[in-house]
1. Are any residues in the stretch 63-77 β-branched (Val, Ile, Thr) and either closer than 12 Å to Glu44 by Cβ or not in a helix (DSSP H, G or I) (or both), and if so, which ones?
2. Every residue in the stretch 125-140 that is of a type outside the set (Val, Ile, Thr) and assigned to a loop (DSSP other than H, G, I, E, B), please.
3. Take the conditions over 24 Å from Pro181 (Cα atoms) and surrounded by fewer than 17 Cβ atoms within 10 Å (Cβ to Cβ) and apply them to Lys72. Does it pass?
4. I need every pair where a residue in the stretch 255-267 that is free of Cβ contacts under 8 Å to residues at least 12 places away in the same chain and among the acidic types (Asp, Glu) has its Cβ under 9 Å from the Cβ of a residue that is assigned to a loop (DSSP other than H, G, I, E, B) and surrounded by fewer than 20 Cβ atoms within 10 Å (Cβ to Cβ), sequence separation at least 6 or different chains.
5. It is to be established whether one or more residues within the stretch 422-439 are among the acidic types (Asp, Glu), under 26 Å from Pro325 (Cα atoms), in a strand (DSSP E or B) and at pLDDT 95 or above.
6. Just need a number here: residues in the stretch 325-359 that are among the acidic types (Asp, Glu) and either outside any helix (DSSP H, G or I) or under 39 Å from the mean Cα position of the chain (by Cα) (or both).
7. Residue check: is Asn265 loosely packed, with under 15 Cβ neighbours inside 10 Å and either within 15 Å of the chain's Cα centre (by Cα) or under 18 Å from Ser234 (Cβ atoms) (or both)?
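The values are calculated or read from the model by the stated rules, or taken from the named source; none is laboratory data. Because the structure is predicted, anything quoted here is derived from the model rather than measured. No Cβ is skipped: glycine too gets one built from the backbone with ideal geometry, and neighbour counts run over all protein chains shown.
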Amino acid sequence: MYKFLRFMSGAAAIAVLSAVILTGTVQSARAQDAGGKKWKDTDEYNMFNAAAQKVAANPAGAITDLDAWKAKYPTSDYKDDGAVLYMQAYVGAKQPAKAIDVSADMVNRGVDTAFPDPKSGPQNAIKVLYFASLAIAQIPNPTPDELATATKAAHALAEYNRKPDGTPDAAWNQAREQLQPIAKTAQLYIAMLPGNQAYDKKDWAGCEAAYTKALSEYPQNAFIAFRVGACMRSQVAEKPEKRSSAVYEFLRAATLDATLGGSANADQIKKYADNSYITMHGSDEGLAALKEAAKASPLPPDGFKIKTATEISEEKQAEFEKSNPQLALWMKIKGALADTNGEQYFDGQLKDSQVPQLRGTLVDAKPACRPKELIVAVPLPGNTPTPEITLKLEVALTGKPDLNQEFHWEGVPTAFTKDPFMLTMDTAKDKVEGLKTTPCTPPVTKRPVPKKK
């Protein structure tokens with residue numbers, strides 16, 4: 001059983017109930033003589049009383065005594081009282097299925113019908129409901145009949161409000177308050193059982209469905225939310241779309257109760273939930289807002305999706321290519337050339353092919369005036385320009401180009417060296433755009449000194 005669903009058993013369980021409710025069964029039975037129930041003889045009373053004295057400290061011995069009493073007095077007026085002792089003994093002896101089976105007849109008839117006496121009846125009625133609720137969580141795989149009985153018992157225990165005659169209101173209210181956690185925990189266990197069973201079988205789709213149903217009944221339960229996430233996460237390989245919802249449930253669980261009902265280390269759960277988001281999204285951007293959203297709703301909205309780091313990168317790349325098409329084109333070319341198979345890429349795909357217009361910064365011209373070679377850098381924003389491309393012009397420029405200016409060109413790659421990195425392109429003069437030049441200064445010529453006559 002999971003830690004937070006464990007119940008007490010034996011003597012520890014009895015201590016939870018108030019003394020008002022667990023007044024000795026034998027004394028109650030004796031008081032019922034006036035109501036029509038009678039012992040067959042003194043031996044019956046003694047046998048019954050012997051079992052009652054053992055039921056808490058020696059449940060196995062009590063079962064043996066009850067079997068002997070039942071065999072000798074099969075039609076006893078105290079048959080239902082004996083069934084209550086059997087239930088308590090079976091729970092104490094760790095035989096919870098038998099406790100549920102014994103309770104079925106009384107639960108289905110109605111415990112107040114089984115025990116109508118206004119003074120002692122509520123005590124036995126509550127014991128039946130209490131021990132049935134206690135027993136169900138000790139059965140890993142209860143039958144449908146056992147589940148049906150326990151479901152009725154837990155529901156009836158949560159709502160039971162028939163006060164024994166003569167019991168002070170304060171004592172009764174205290175007793176009812178003590179019984180509520182037992183009833184509610186049994187109901188929670190029953191709600192979670194299909195999910196637990198599917199989880200243990202690694203039926204991930206089945207456990208997701210079962211835990212999601214339980215979450216609809218217990219939306220504030222952090223453990224169920226975490227298990228919904230775990231079942232979703234286990235399907236991600238085949239259904240990647242489950243990943244976002246899994247992260248959502250992990251965050252919800254950590255936000256509601258990071259101890260998961262006392263079954264986990266809170267710091268570890270918080271860290272796990274946060275890292276699930278950060279690993280997927282690539283950063284903690286939006287994490288705080290998603291935690292608030294997850295806290296407010298047990299399930300994510302339809303179509304919920306956390307953008308992955310890859311998707312964000314692709315979106316940024318698409319936006320970059322849209323706003324900087326020429327730079328993006330060069331980055332793809334340069335990346336392929338700089339790769340391990342850069343020479344093969346150049347020879348097989350790039351060489352002698354027309355490349356669309358590129359943009360770069362002029363870092364050198366050869367010669368400086370009327371050059372036929374332009375040395376170009378294509379720097380990323382904020383980076384220092386580094387020579388990467390040599391443009392060989394078919395016709396020399398008419399003038400002197402200013403350095404460190406941006407311009408555009410189209411060309412055909414003809415040569416490449418990887419170290420140092422340099423791509424050579426042939427370019428027609430009319431394919432160079434936006435390059436400003438200034439007239440070349442005529443060379444200074446010295447006039448010859450006239451000869452003396």
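1. Thr75
2. Result: Ala137, Gln138, Pro140.
3. yes
4. Short answer, once both residue conditions are applied: Asp267/Ala258.
5. Looking for residues that are among the acidic types (Asp, Glu), under 26 Å from Pro325 (Cα atoms), in a strand (DSSP E or B) and at pLDDT 95 or above, one finds at least one in the stretch 422-439, hence yes.
6. The qualifying residues number 2.
7. no
Yes/no per residue for (1) of a type in the set (D, E, K, R); (2) in contact (Cβ under 8 Å) with a residue 40 or more places away in the chain:
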| residue | (1), (2) |
| --- | --- |
| Ala171 | no, yes |
| Glu177 | yes, no |
| Gln187 | no, no |
| Ala191 | no, no |
| Pro194 | no, no |
| Cys207 | no, no |
| Ser216 | no, yes |
